[in-house]
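Shown next, in structure tokens, is the structure this report addresses.
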Amino acid sequence: MSERTEQPPRRLLVLFLALLSATPPLSTDMYLAAIPHIADQWEAPISQINLSLVLWFVAFSISLLFFGALSDRVGRRPVLLGGLLAFAITSGLCALANGPVSLIIFRVLQGIAASAPSAMTMAYCRDCFTGRARQQLLAWLGIIISVAPMVAPSIGAMILKVANWRVIFAVLAVVGLIQLTLAFRYFRESAESLEKGGVLAALKRYLRLTRNGKFILANSSMCLLGAPMLGYVGIASGVYMDQYGLSESTFAILFAAAPLLSMSGAYACTRLLQHFSDKQLIFGSLIGGLVAGVFLLLLGNVHFLFFMVGAACFSFFAGISRPLSNHVILEQVTEDIGAASSTIIFTSFMAGAMCMAIVTAGWSNPVMVYSLCILGMFGSILMMWPLLMRRLRF
């Protein structure tokens with residue numbers, strides 16, 4: 001049995017977990033406004049610089065599987081501390097990149113490092129909370145971490161007004177060091193017991209998960225709920241700044257509407273849970289997301305305000321559904337918690353990376369492609385809805 005020490009006060013714990021969960025949006029959204037500047041400086045196509053965004057998510061997602069299983073073997077705390085230290089170092093390396101290739105390589109390494117704290121956040125929620133308490137925690141985390149993508153582009157835009165894009169990554173390195181300090185002080189081991197064995201034992205944990213049909217069904221369907229959010233991250237700067245010629249500061253303000261509505265959706269979830277069941281709220285979110293997708297398909301290219309409204313409305317319904325869907329997936333497992341938690345985030349971010357790769361593939365009408373991604377993913381879950389009702393524990 002691992003030693004479990006007393007945890008910090010609940011509010012401080014929630015804020016700490018939210019700060020860890022904010023690592024991915026901070027790593028990606030802070031430099032969105034800088035992408036056109038980086039491309040101009042190195043005389044490289046924006047699609048090549050966008051690879052530093054897409055491949056970050058791929059590296060991040062795949063690495064989650066390794067760190068989740070590793071935490072079942074050595075504990076949550078060592079994985080968290082090591083990941084945060086590596087994140088600070090790789091963020092500094094990104095600031096020193098001398099060309100597109102080196103930036104992409106360092107971003108991949110940064111994505112690998114960022115996956116460790118993200119995996120531990122979900123595992124910690126599963127270790128220490130159950131039932132309605134976990135639902136509420138996940139919803140509040142959704143509220144707090146929505147602030148990161150809302151303010152990150154504004155921070156990046158402000159930095160660009162007084163310094164070059166390299167300072168953005170230097171700031172991320174400092175953020176990583178602050179997180180490391182807080183983790184060392186406040187994060188206690190939460191795993192009730194540790195698994196034995198090495199790589200083969202870790203593989204067996206994932207193999208056990210593949211035999212859990214309810215977990216596979218829940219995870220493979222629910223991961224599609226938030227995937228279009230990363231598609232929006234991928235095309236937002238191109239739509240607002242290139243297609244409509246808006247400034248970096250205006251882009252930052254308009255971009256913030258989507259995460260603001262996502263935060264509002266997560267907050268609404270905490271209130272709606274008092275009156276509606278998980279099933280009703282997820283189903284309602286699916287309908288709302290489809291309506292937002294149709295709006296974007298019909299009007300998203302008419303004016304940038306229509307694009308902003310459509311993306312923000314979709315984000316609101318995604319904000320309602322994501323805490324509930326994560327809870328539903330976690331309810332399907334009773335062992336291999338670290339591996340399961342990492343698998344949840346892995347599939348979610350891989351689905352998002354797939355959506356991002358599709359919408360940033362150089363289309364002449366990326367808004368239409370983004371809209372079709374929303375309709376296709378949410379429509380797929382609705383078609384599976386009767387099966388989900390019969391098989392899953394809600």
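The values are calculated or read from the model by the stated rules, or taken from the named source; none is laboratory data. It should be emphasised that the depicted structure is a prediction, and the values quoted were computed from it without experimental measurement. All Cβ positions, glycine included, derive from the backbone under ideal geometry; neighbour counts span all protein chains shown.
So residue 73 ticks every box in (1) at pLDDT 80 or above; (2) buried (at least 18 other Cβ atoms within 10 Å of the Cβ) but one. Which box is left unticked?
All conditions pass for residue 73, except number (1).
Just one of (1) buried (at least 24 other Cβ atoms within 10 Å of the Cβ); (2) touching a Ser or Thr at 6+ places or on another chain (Cβ under 9 Å) trips up residue 295, so point out which.
Of the numbered conditions (1) buried (at least 24 other Cβ atoms within 10 Å of the Cβ); (2) touching a Ser or Thr at 6+ places or on another chain (Cβ under 9 Å), the odd one out for residue 295 is (1).
Which helices (runs of 4 or more DSSP H) sit wholly inside region 198-287 and have at least 2 residues that are polar (S, T, N, Q)? Before you say what the answer is, go through the steps one by one.
Details: elements: 199-210, 213-222, 227-237, 248-255, 257-272.
In region 198-287, the matching helices (runs of 4 or more DSSP H) lie at 213-222, 248-255, 257-272.
Within the set of pairs 6 or more residues apart or between chains, which connect a residue that is under 12 Å from residue 253 (Cβ atoms) inside region 150-161 to a residue that is not hydrophobic (A, V, I, L, M, F, W, C) with Cβ atoms less than 7 Å apart?
150/259; 153/29; 157/248; 157/249
Which of the numbered conditions does residue 317 fail, given that it passes all the others? Conditions: (1) surrounded by fewer than 23 Cβ atoms within 10 Å (Cβ to Cβ); (2) closer than 25 Å to residue 24 by Cα; (3) aromatic (Phe, Trp, Tyr).
All conditions are met except number (1).
Out of the residues in region 47-64 meeting the condition of being among the aliphatic types (A, V, I, L, M) and more than 9 Å from residue 115 (Cβ to Cβ), tell me which one is farthest from the chain's Cα centre (by Cα). Give the derivation first.
Applying the first criterion (among the aliphatic types (A, V, I, L, M)) to region 47-64 yields 49, 51, 53-55, 58-59, 62, 64.
Next, only the ones that are more than 9 Å from residue 115 (Cβ to Cβ) stay: 49, 51, 53-55, 58.
On the way: 49: 20, 51: 17, 53: 13, 54: 13, 55: 14, 58: 12 Å.
Only one residue fits best here, namely 49.
Specify which of the listed residues (345, 381, 337) is crowded, with 20+ Cβ neighbours inside 10 Å and closer than 20 Å to residue 131 by Cβ.
Details: 345 fails: closer than 20 Å to residue 131 by Cβ; 381 fails: closer than 20 Å to residue 131 by Cβ.
Being crowded, with 20+ Cβ neighbours inside 10 Å and closer than 20 Å to residue 131 by Cβ holds for just one of 345, 381, 337, which is 337.
Does residue 258 fit the bill of being of a type in the set (A, V, I, L, M, F, W, C), under 13 Å from residue 314 (Cα atoms), in contact with a Gly (Cβ under 6 Å, 6 or more places away or on another chain) and surrounded by 22 or more Cβ atoms within 10 Å (Cβ to Cβ)? Spell out the reasoning first.
On the way: of a type in the set (A, V, I, L, M, F, W, C): yes; under 13 Å from residue 314 (Cα atoms): yes; in contact with a Gly (Cβ under 6 Å, 6 or more places away or on another chain): no; surrounded by 22 or more Cβ atoms within 10 Å (Cβ to Cβ): yes.
In short, no.
Report whether or not residue 311 is aliphatic (A, V, I, L, M), more than 18 Å from residue 243 (Cβ to Cβ) and either in a helix (DSSP H, G or I) or touching a strand residue (DSSP E or B) at 6+ places or on another chain (Cβ under 6 Å) (or both). Write out each step before concluding.
Details: aliphatic (A, V, I, L, M): yes; more than 18 Å from residue 243 (Cβ to Cβ): no; either in a helix (DSSP H, G or I) or touching a strand residue (DSSP E or B) at 6+ places or on another chain (Cβ under 6 Å) (or both): yes.
Taking the combined requirement at face value, the residue does not satisfy it.
Have a look at 90, 130, 121 and point out the one that is at pLDDT below 85, β-branched (Val, Ile, Thr) and crowded, with 20+ Cβ neighbours inside 10 Å.
None of the other options fit; the residue is 121.
Could you go through region 359-366 and let me know if any residue there is in contact with a Phe, Trp or Tyr (Cβ under 7 Å, 6 or more places away or on another chain), within 28 Å of residue 331 (Cα to Cα) and crowded, with 22+ Cβ neighbours inside 10 Å. Outline the logic, then answer.
Here is the first cut: in region 359-366, the residues in contact with a Phe, Trp or Tyr (Cβ under 7 Å, 6 or more places away or on another chain) are 359.
Restricting the remaining residues to those that are within 28 Å of residue 331 (Cα to Cα) gives none.
Checked against the condition, which is being in contact with a Phe, Trp or Tyr (Cβ under 7 Å, 6 or more places away or on another chain), within 28 Å of residue 331 (Cα to Cα) and crowded, with 22+ Cβ neighbours inside 10 Å, region 359-366 yields no hits at all.
Just a yes or no: is a residue in region 320-328 aliphatic (A, V, I, L, M) and either at pLDDT below 90 or under 28 Å from residue 77 (Cα atoms) (or both)? Explain how you work it out, then say what you get.
To start, the set of residues in region 320-328 that are aliphatic (A, V, I, L, M) comprises 320, 324, 328.
Right, trim to either at pLDDT below 90 or under 28 Å from residue 77 (Cα atoms) (or both) and you get 324, 328.
Scanning region 320-328, I find at least one residue that is aliphatic (A, V, I, L, M) and either at pLDDT below 90 or under 28 Å from residue 77 (Cα atoms) (or both), so the answer is yes.
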